[in-house]
Number of protein chains: 2
Amino acid sequence: MTAAVLCIGTELTRGELVNTNAPWLATRLTELGFEVVAIDTVDDDRDRIVDALERLSKRARVVLCTGGLGPTTDDITTECVAKVMGAQLVRHEPSLEAIRRRFEKLGREMSPSNAKQADFPEGADVLPNSAGTAPGFAVFLGEARAFFTPGVPRELERLWDEQIAPRLRPIARSTSFQIRLRTFGMPESMVGEKLAGLEAAHAGLTLGYRATYPEIEVKVLVRDETQELARQRAHAIADDVRTRLGSIVYGDGEDTFPEVVGRCMRARGYRLALAESCTGGLVGSLLTSCPASEFFVADAVTYANSAKSTLLGVDEDVLRAHGAVSSDVAQAMAEGVKRACSVDIALAITGIAGPTGGTPEKPVGLVYWAVAHPKGTVVRSRVLSGDRSQIQRMAAFVGMAFLREVCLDDERQSAVLRAAAPA
Amino acid sequence: MTAAVLCIGTELTRGELVNTNAPWLATRLTELGFEVVAIDTVDDDRDRIVDALERLSKRARVVLCTGGLGPTTDDITTECVAKVMGAQLVRHEPSLEAIRRRFEKLGREMSPSNAKQADFPEGADVLPNSAGTAPGFAVFLGEARAFFTPGVPRELERLWDEQIAPRLRPIARSTSFQIRLRTFGMPESMVGEKLAGLEAAHAGLTLGYRATYPEIEVKVLVRDETQELARQRAHAIADDVRTRLGSIVYGDGEDTFPEVVGRCMRARGYRLALAESCTGGLVGSLLTSCPASEFFVADAVTYANSAKSTLLGVDEDVLRAHGAVSSDVAQAMAEGVKRACSVDIALAITGIAGPTGGTPEKPVGLVYWAVAHPKGTVVRSRVLSGDRSQIQRMAAFVGMAFLREVCLDDERQSAVLRAAAPA
């Protein structure tokens, strides 16, 4: 069952407004089981609106159209619909009365221009708007069921909940099911290769990928004869995806990486402290974007060398001998903040985020991470690529992944610690 | 001169992603003088992509198309373009080489699936992508000039700046000019009221507002007989806007608030330290998103009370008597970090970001800010509204605004300090 969304308004085509109605409606339609095949936006132009309505009503069984129902001269959606239908505009007295009462209640007089908001194409199904002045309406455009709502998000959402969704539910028989898996730690192309052949092996399976730097979301969508069958198969395939991708799959649905890392800390009863340099507080900021007082003690963002010494007790000789971006200093930072804050586990990050400050030996993107832990301290390094913000973001995520790994996997942790410097 | 935008991706038609590329491109095209007549979105479906390309290339002189240039099987934009053109796909060796080098630099092997990112329709103008793997390209579809870019915002924006805008500028004969003013510190409705009547007073003026929490951008767009005339008038009107809005206008164009605050510090030769609690490192992270080593010394994110004492020397009796969210503790944090890091100026933030932890006396959203300064310490408080992330973001911005105010305005600063507690 196909659906299309049409958003009308010059403020959208000029880019003055981010269109949040479209994804909101697309999500609702997808949830109901519709396949959204187009989301189009046109300006307040008669010919282009008429053209889009004619086109979309031929392509989709349901068309949802927002905007252009206001009282001003550039609000022309209703007359365009009438033109497409070859119908007259007819005044709907109950709506006019409701608009008049609405203005009375606000202690204002209804302006004459508002009267046109009670005009509808003959035969329209008028949809009362409990959140604003302009009612919505529904008509048939050829074979397609078309719904029209104001562009104000609150009004649109109310009309959807109260009027449109109840009319669509009976005709939307969903036979698909989707599971979203969140991953960090592998580039998109490698994720794709690990899952190569999966689509060919399962009829009705569509794999989707979404990159939100530095993460990749994998979407497992299965279509089958019934939604229940699709659901069962989607879960089985998702398990296969998890096996193929291993520990880089950190959660699903609405999980976020910082939340999952926080959950690891809570599960272990660990209290955490951070010492950040090149990431400037980003890890702390990410970990405290959700409530974190159970495990998060402090983050010493020691940007200047002097602060590394005064706040963390990093030896000035070590700083001089190895430089702030070094394995020794990363280790000293992690151990320093662990000691200063009396915590179970500490992560330190020091590196060169750029764009300047790199040398042939220590290029921009070089980052050291250290995790200090009751059993010892582990240090790692890598040269990250990208611009300053990408290096910072990747450095923060790698640091959190390091913490998660140490927490999650005792066996791997022991292996890692065998190679580590003693605390 | 007409333009159309086409965004390709099932993540968009399913509503999983808010499409910020479309308004970004629409704004840029409008600035160049194009009339954007359509912004369409289709899913990763061969027929629908081909159909949209054929249709839009007939309706607009320029088509800008984003998405579907990745390495995975659902990335099919390029082959669809070739189909519309009736052209073969040809491997572009310099691009393949560039992709291979990019992977080498990352210390990784290029996966075979990435090779298809170097395939282009025969005759395409390849657009090197300095921000990512997949190059963009430009072709003629009938009369229309069509540009293709990855959907990753950063890559799209870079390709626009470096490759697409220079190609479009000569063919767009603009008679308009736009100035963007960045503001923080006043709600959108109040900004609108301060500028009421301006549009009526100036022919060809359109004011636009864009809210990016917690900032408001004001766009001054002037159309006139020539672009030079429009430019002159836009500058005059922008000056009027600056006067009406006062110090909440902090910059224009691509300025960001943290950058502007950093510039204030540099201008004064101030070295800065922070002590954050409820904002968890957000201020530090924002201020270090640009190079900051000239002024930024440290950020002590003392989330737990114990850390406020150990790292900042906040008196445990003060913590017990007044609670961590109090004027006294804010002041002690600011003075503590100023002393510990031997800096000129320090900002402390402590508050209740929620969703839990509020009481009738100290509700969720209550925040204290303190700035410690050679002449004394100033403390302020406010109850912020919104969810956790909004409270944290607003608290961080108010803190930075407080720093900017102290730095910028000696006279106002003296007035503020007259009312302040002595250091």
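The values are calculated or read from the model by the stated rules, or taken from the named source; none is laboratory data. All figures in this text were calculated on a predicted structure; none of them were measured in a lab. Counting neighbours? That spans all protein chains shown, and the Cβs are built from the backbone with ideal geometry, glycine included. Each accessible area value is taken on the protein alone, full model and side chains, heavy atoms only, with ligands, DNA and RNA left out. Shrake-Rupley method; radii C 1.70, N 1.55, O 1.52, S 1.80 Å.
Residues checked against (1) open to solvent by less than 40 Å² (accessible area, probe 1.4 Å); (2) of a type in the set (K, R); (3) assigned to a strand (DSSP E or B); (4) facing chain B (nearest Cβ under 8 Å):
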| site | (1), (2), (3), (4) |
| --- | --- |
| A:S306 | no, no, no, yes |
| A:A321 | no, no, no, no |
| A:A324 | yes, no, no, no |
| A:M333 | yes, no, no, no |
| A:K338 | no, yes, no, no |
| A:K362 | no, yes, no, no |
| A:V367 | yes, no, yes, no |
| A:S381 | no, no, yes, no |
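B:A165: open to solvent by less than 10 Å² (accessible area, probe 1.4 Å) and closer than 17 Å to B:V5 by Cα, yes or no?
So B:A165 passes the test.
Would you mention how many residues in the range A:12-34 are more than 8 Å from chain B (Cβ to nearest Cβ) and open to solvent by 40 Å² or more (accessible area, probe 1.4 Å)?
Counting residues in the range A:12-34 that are more than 8 Å from chain B (Cβ to nearest Cβ) and open to solvent by 40 Å² or more (accessible area, probe 1.4 Å) gives 1.
Any idea how many residues of the range B:160-196 are more than 14 Å from every other protein chain (Cβ to nearest Cβ) and either at pLDDT 90 or above or closer than 24 Å to B:V63 by Cα (or both)? Break it down into steps so the answer makes sense when it comes.
Keep residues of the range B:160-196 that are more than 14 Å from every other protein chain (Cβ to nearest Cβ), which gives B:163-173, B:175, B:177, B:179, B:181-187, B:189-191, B:193-196.
Narrowing the set further to residues that are either at pLDDT 90 or above or closer than 24 Å to B:V63 by Cα (or both) leaves B:163-173, B:175, B:177, B:179, B:181-185, B:194-195.
Result for the range B:160-196: 21.
The conditions are (1) buried (at least 24 other Cβ atoms within 10 Å of the Cβ); (2) under 32 Å from the mean Cα position of the chain (by Cα), and B:T377 fails exactly one of them. Which is it?
Result: B:T377 fails condition (1) only.
Within the range B:340-351, how many residues are touching a strand residue (DSSP E or B) at 6+ places or on another chain (Cβ under 7 Å) and surrounded by fewer than 24 Cβ atoms within 10 Å (Cβ to Cβ)?
2
In the range B:170-208, what residues are charged (D, E, K, R) and within 24 Å of the chain's Cα centre (by Cα)?
B:R180, B:R182, B:E188
Out of the residues in the range B:205-237 that are open to solvent by 60 Å² or more (accessible area, probe 1.4 Å) and under 20 Å from A:E11 (Cα atoms), state the one that is modelled with the highest pLDDT.
B:R223
Can A:T302 be described as over 33 Å from the mean Cα position of the chain (by Cα) and over 20 Å from A:M394 (Cβ atoms)?
Considered against the rule, which asks whether it is over 33 Å from the mean Cα position of the chain (by Cα) and over 20 Å from A:M394 (Cβ atoms), A:T302 comes out as no.
Tally time: how many residues in the range A:281-304 are assigned to a loop (DSSP other than H, G, I, E, B) and in contact with a Pro (Cβ under 9 Å, 6 or more places away or on another chain)?
5
Looking at B:V5, B:V37, which one is facing another protein chain (nearest Cβ under 9 Å), within 25 Å of B:T175 (Cα to Cα), open to solvent by less than 30 Å² (accessible area, probe 1.4 Å) and touching a residue at least 40 places away in the same chain (Cβ under 8 Å)?
Result: B:V5 is the single residue among B:V5, B:V37 that is facing another protein chain (nearest Cβ under 9 Å), within 25 Å of B:T175 (Cα to Cα), open to solvent by less than 30 Å² (accessible area, probe 1.4 Å) and touching a residue at least 40 places away in the same chain (Cβ under 8 Å).
Pick from A:E259, A:E276, A:E316: which is modelled with pLDDT of 95 or more and open to solvent by less than 20 Å² (accessible area, probe 1.4 Å)? Quick ask: steps written out before the conclusion?
Values: A:E259 fails: open to solvent by less than 20 Å² (accessible area, probe 1.4 Å); A:E316 fails: open to solvent by less than 20 Å² (accessible area, probe 1.4 Å).
So the residue among A:E259, A:E276, A:E316 that is modelled with pLDDT of 95 or more and open to solvent by less than 20 Å² (accessible area, probe 1.4 Å) is A:E276.
Scan the range B:258-280 and give yes if some residue there is touching a Lys or Arg at 6+ places or on another chain (Cβ under 6 Å) and either in a loop (DSSP other than H, G, I, E, B) or without any contact (Cβ under 8 Å) to a residue 24 or more places away in the chain (or both), otherwise no.
No, the range B:258-280 contains no residue that is touching a Lys or Arg at 6+ places or on another chain (Cβ under 6 Å) and either in a loop (DSSP other than H, G, I, E, B) or without any contact (Cβ under 8 Å) to a residue 24 or more places away in the chain (or both).
Quick check, is B:T149 in contact (Cβ under 8 Å) with a residue 60 or more places away in the chain and buried (at least 21 other Cβ atoms within 10 Å of the Cβ)?
Working: in contact (Cβ under 8 Å) with a residue 60 or more places away in the chain: yes; buried (at least 21 other Cβ atoms within 10 Å of the Cβ): yes.
Taking the combined requirement at face value, the residue satisfies it.
Report whether or not A:D387 is more than 16 Å from A:E405 (Cβ to Cβ) and in contact with a helix residue (DSSP H, G or I) (Cβ under 9 Å, 6 or more places away or on another chain).
In short, yes.
Mind checking which residues of the range B:111-130 are surrounded by fewer than 20 Cβ atoms within 10 Å (Cβ to Cβ) and part of a loop (DSSP other than H, G, I, E, B)?
B:S111, B:E122, B:G123, B:P128, B:S130
Do you know which of the residues in the range A:1-37 that are touching a helix residue (DSSP H, G or I) at 6+ places or on another chain (Cβ under 9 Å) and acidic (D, E) is modelled with the lowest pLDDT?
Within the range A:1-37, the match that is modelled with the lowest pLDDT is A:E16.
Would you point out which residue out of A:E188, A:E143, A:E193, A:E157 is charged (D, E, K, R) and buried (at least 20 other Cβ atoms within 10 Å of the Cβ)?
The match here is A:E188.
Against the definition (modelled with pLDDT of 95 or more and not hydrophobic (A, V, I, L, M, F, W, C)), how does A:D40 come out, yes or no?
Against the criterion (modelled with pLDDT of 95 or more and not hydrophobic (A, V, I, L, M, F, W, C)), A:D40 qualifies.
Hey, can you tell me all the residues within the range B:226-257 that are part of a helix (DSSP H, G or I) and on the phi > 0 side of the Ramachandran plot?
Matches in the range B:226-257: B:G246 only.
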